[in-house]
Structure formats: structure tokens, C-alpha cells
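Working notes, structure below.
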Amino acid sequence: MDSHSAVEALRTPRARVTTGWIAAVLIVHIGINVGFFAPIQVLLGLHAEAITPAQKNATLSLVTGVGAAVSMVANPLFGALSDRTTSRFGRRIPWIVAGTLCGALALLLMSTAQTVGLLVLGWALMQAAGNAALAAVLAVVPDKVPVQQRGTVGGLIALGQTVGILIGAGIGMVAASDLVFGYAIAAVVIGLCSVPFVLLRQDVVLPASVREPFAWGRFLKGFWINPVRYPDFGWAWLTRFLLYLSSQLILVYLLFFLQDGLHHPQPAAGVLVLSSIYAGFVILSSVVAGRLSDRDGKRKRYVLISSVIVALAAVVMAVAPSFPVAIGGAVLLGLGFGSFLAVDYALLTQVLPHADSRAKDLGVINIANSLPQVFAPLIAWLSVTWLGGYPTLFMCAAVVALAGGILVHRIKMVP
């Protein structure tokens, strides 16, 4: 029995997953992203202003900076722990339950914060808990989904992220005058959305007899994945970093671009319009591109096409003389980045070095999502302040996107 379970837990799956299973994964993914983005988009800013009106920017930067640092550590760490979990409920379900429950409690703690210290603590706990759940959710795809279905599921995961962002923004708008109510809604959503997946009980058990004995040295060394030894993983990591960096370069100064570059009369409203259009096309393209890549099995060509579309969006923004042209850039960015999210996630699951460390390895990949948030503001500031303004910034984004698309062809084991 143990041998069979071990093969089941670590093998590459072949049986197609059901629509109900996919829906349950989609729902839990939406819930986790609501827990992240309701605070990020609205609640944290309003909370920072309420606690320290004269230093709201500094407070918000402190809170989000600590949260980002916690995220980069928590995702691979909890992923590695879930890889070693031998619960009778499976490797992933215990972490999804613990992560969403603790995330909900962290949001409720944040709702009571009247000091910067407590707000920082609450958001750090939310990032740790949310990333514990997220690492487990992302790992169920290589655990359960056959290769020929991963583009479709990857597209729906990208859809879940975007829907979670939109719902989070909606919660923030509705609860703008009552922060406690806003945090409470987000807490309820993150908690309830995990229930369908947990009730399915379709996680695979890893027998304790096949788990390697724990050793601190081996555990810590496992977070370094040598790109020389595993070049496909390294190129996939770099490709993802570059495409995320390109997207961040386009979006990071969007408000200031509308205000100072296009002289939009209501730049905040303009950002909302562009963001909504972008999100809509992310949803559309992620689902379509994921299915297409499953149909022909060619992942790299879709990543290259996506990078070209993202680069074209950046060029459009660089030469945009008006807001309607910028809308065209938002459409292109949504089409390109949405299709990239779906297909690249499927590609990543095919280059993971080891079957027994899928969640940890995907957590290392998650660093490629987070690091651009550190580098993009600095590059944007240099471009806009010293190197020619917004056209330079957007052309830089175009070059970075194209570089990512070109480098994906260095990957050998995925067509």
C-alpha cells in the first residue's frame, strides 16, 4: 500500500481531472487572491492614512515592503514543508486549511490595528499564511493534472488571480468608509473559498516510509536549484522574471503617466478604466491560450508570441499621444500577459527538477514574480527622471519583454 501511494504521490499524473476538481481549485485560488488584494489595492492605504495621516506614504511602503519580504521567504518555505507532509488527508490539504484559516484570522487582527506595529504584524502574518495556502494550491496542479491539461488549468488559475484582484478592489470600494467591515468580508471570503476543495478530499497521501529523514543542511540546500545542473528550470525562472518585470515597468507609474504624460483630467479614474480593460483581456486570453497550448503541446511558441504582444503594448504606451491610444495599450497588455500567465505556468510544471519537491520548487519560481516589485520602481524612477521620461520607460519594458520571449527557446525539454 505504501509503495502504491508513493508512486501515486510522486509520479506524473495521467488521468484527466474533472470539471468539479478544476472549479474547486479555481475557487480557492480566487479566495486567496481576495485575501491578498483587497488590502493591497485599497484597505492598507486607507488604514495607513487613518493611523498616520501625515506619513501615510511611508507607512504604506513599510507595511507592503515587510509583506513582500515575508512573501518571498514564506512561499518556498511552506512549499517545502508541504512536500514533506505525510498527513492522512494528503500533502496539500492541511496547508490549504491552515493557511486560509490563519489568513482569515490575520485579516481580523489587522481590522483592530490602531498602531503601525500591529498593522505590520497583521500583514506579515497574512502574507505568511496566504503564501502557505498558495504554495500548496499551486502544487496540486503538477500533483494531479496531466501535462496535456495543464495549459487549460493554468489559464483558469490566471483567471482566478484576476477575478480575485477585481473582487478585492470591489470589497475595498464598498468598505472604504468602514475598514473593519472590509477586512471581515475578505476574511470570510478567504475562509469559505477553501471549503469546496477540502471537501473533495482528492489529495494524494505521501507515506512516511518514503520520505527522506529530515536534516537541516539538506533542507536548506534544497532552496538553491543550480541552473547549471537544471538549465531548463533556470531559463524558465529567468523568462518569468523578465516578463513580470516588463509588466511592472508598464504599470508602476501608470497614474503619473496619465497625470503628467497625457494630462488626463482624472488620472485615478483613468487608471481604473485601464486596469479594468487590462483585467478583462487577461481573463479572455489566459483561458484561450491555455487551451490552445494544450491542443498542440507547444508551450514555447505561445510564450514568445505573448512576449511580442507585451512588447507591442509597451511601444504603444511609449508613443501614445492620447488616452484612447493608451486604452489600446491596455488591451494588448492584457492579451499578452494573460496568455503568458496561462502557458508559462503549464511550462513551469514540466521543468520542475524533482517530483518530491514540487511545491518548494514552485515557491522558488514565485520569487521571480516578486522580485520585479523591487526592481521596477527603481528602473522607472531612473528612466523617467534621468533617461528621457515615459517613452524611455516603456521602451525599456518592450526590450525586457522581448528578451524573455527569446530566452524561453533555451529550454530544451518542453516543445
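The values are calculated or read from the model by the stated rules, or taken from the named source; none is laboratory data. Since the structure is predicted, the reported quantities are computational estimates derived from the model, not experimental observations. Cβ: placed from backbone, ideal geometry, glycine included. Neighbour counts: every protein chain shown. The area values use the complete protein model at the heavy-atom level, side chains included, leaving out ligands, DNA and RNA. Shrake-Rupley method; radii C 1.70, N 1.55, O 1.52, S 1.80 Å.
Sequence-ordered 3J(HN,Hα) estimates for the stretch 296-312 from the Karplus curve with 6.51, -1.76 and 1.60 and θ = phi - 60° stand at 10, x, 9, 7, 5, 5, 6, 5, 4, 4, 4, 5, 5, 5, 4, 4, 5 Hz, glycine and proline given as x.
Report, in listed order, any pair from Lys56/Lys360; Lys221/Lys412; Lys221/Lys298 with a Cα-Cα distance greater than 27 Å. As for pairs spanning more than 27 Å Cα to Cα, those are Lys56/Lys360; Lys221/Lys298.
What list of ³J(HN,Hα) couplings, whole Hz, do you get for the stretch 336-346 from phi and the Karplus terms 6.51, -1.76, 1.60, once you set θ to phi - 60° and write x for glycine and proline? With coefficients 6.51, -1.76 and 1.60, one gets x, 6, x, 5, 4, 4, 5, 6, 5, 4, 4 Hz. Using only side-chain charges placed at the Cβ, +1 for Lys and Arg and -1 for Asp and Glu, the dipole size of the stretch 1-99 relative to its Cα centre rounds to 300 debye. For the stretch 343-415, trypsin sites (Lys or Arg not before Pro) are listed when DSSP marks them as loop and at most 16 other Cβ atoms sit within 10 Å of their Cβ; the list is Lys412. Go ahead and set up a Gaussian network model of the chain, Cα springs under 10 Å, then flag whichever of Gln350, Gln248, Gln55 fluctuates most. Comparing Gln350, Gln248, Gln55 in the GNM, the peak value goes to Gln55. Per residue, the accessible area of the stretch 229-272 comes to 45 Å² when a 1.4 Å probe rolls over the protein heavy atoms. Take Ser82: with every protein chain present and a 1.4 Å probe, its accessible area is about 0 Å². Backbone geometry of the stretch 112-121 corresponds, through the Karplus equation with coefficients 6.51, -1.76 and 1.60 at θ = phi - 60°, to 3J(HN,Hα) couplings of 9, 5, 10, 10, 4, x, 5, 5, 4, 4 Hz, x marking Gly and Pro.
Split the chain at each of the chymotrypsin sites (Phe, Trp or Tyr not before Pro) in a DSSP loop with at most 13 other beta carbon atoms within 10 Å, and the longest piece is 1-213. Highest GNM mean-square fluctuation among Ala135, Ala355, Ala124, for the chain modelled with Cα contacts below 10 Å: Ala355. A straight chain from Leu255 to Trp216 at 0.36 nm per residue would run longer than the Cα-Cα distance by 9.4 nm.
Note on the chain: with charges restricted to the Cβ of Lys and Arg (+1) and Asp and Glu (-1), its dipole about the Cα centre is near 1160 debye. For the chain, the relative contact order comes to 26 percent (Cα pairs under 8 Å, sequence separation of at least 6). Here's the picture: charge each Lys and Arg Cβ at +1 and each Asp and Glu Cβ at -1 in the chain, and of His29, Ile283, Tyr230 the one pushed furthest to the positive end of that dipole is Tyr230.
Within the chain, all pairs of alpha-carbon atoms sorted by distance into 10 Å bins from zero give the percentages 5, 22, 33, 27, 11, 2, 0. Simple rule: put +1 on each Lys or Arg Cβ and -1 on each Asp or Glu Cβ in the stretch 282-415, find the dipole, and look at Pro321, Tyr345, Leu378; the Cα lying farthest toward the positive end is Tyr345. Largest GNM mean-square fluctuation across Ala318, Ala176, Ala58, computed for the chain with C-alpha springs under 10 Å, falls on Ala58. Each of Val303, Ile167, Thr115 was placed along the dipole of the chain (beta-carbon charges, centred on the mean Cα), and the one lying farthest toward the positive end is Val303.
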